[in-house]
Amino acid sequence: MSAGITDFFVHTVSVETYAGSGAYGDVYNAPVDVTGYLDGKITLVRGKDGQQVVASSTFYCSTTDAALFPPDSRVTAISPGTVVPGDATQPDPNLYPSTAPARVSHVITQNVNDAPGLLDEVAHGVIYLK
């Protein structure tokens, strides 16, 4: 049996999908936990406005879960060795009982890599985080 890309999904992040702007600022959907692989490699990408932006980390997930990550969505990673950029803060103990620090970032852009007709095991979403 061949290994699929999901065999490498060892990290979990919480994503709050960006829903737009409201009278009091940005509006997000309720947080959803997504399993994938969080990579700390710095990458130069183009943002939604076409400008070059530095992504401090990249999150790989299933193509289905990639739809949860439109630009400006808020992503929280909680682990002792997290590679998401930003200052570490202690998470709300009611939401995250872990004592590990939380790091919050926002989605720059995302894309889905698939190849219809080829192995479904290699299809995945790529989420670039700032």
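No lab work stands behind these numbers, since they all come straight from the coordinates. Just so it is clear, the structure is predicted and the values come from calculations on it, not from any experiment. Here the Cβ positions follow ideal geometry from the backbone for every residue, glycine too, while neighbour counts run over all protein chains shown.
Give me the extension gain from residue 106 to residue 33: residue separation times 0.36 nm, minus the current Cα-Cα distance, reported in nm with one decimal.
Values: separation 73, 0.36 × 73 = 26.28 nm, distance 1.51 nm.
Extending this stretch completely gives an extra 24.8 nm.
When you count, for each residue, the other Cβ atoms within 10 Å and take the mean per peptide, how do 65-74, 14-23 rank with the highest first?
On the way: 65-74: 18.8, 14-23: 14.1.
Top of the packing list down: 65-74, 14-23.
In which sequence would 60, 37, 128 go, from the one with the fewest C-beta neighbours within 10 Å to the one with the most? Kindly include the intermediate steps, with their values, before the conclusion.
Working: 60 20, 37 16, 128 24.
With the fewest neighbours first, 60, 37, 128 line up as 37, 60, 128.
Starting from the Cα-Cα distance between residue 113 and residue 48, subtract it from 0.36 nm times their residue separation and give me the gain in nm to one decimal.
Gain in length upon complete extension: 21.6 nm.
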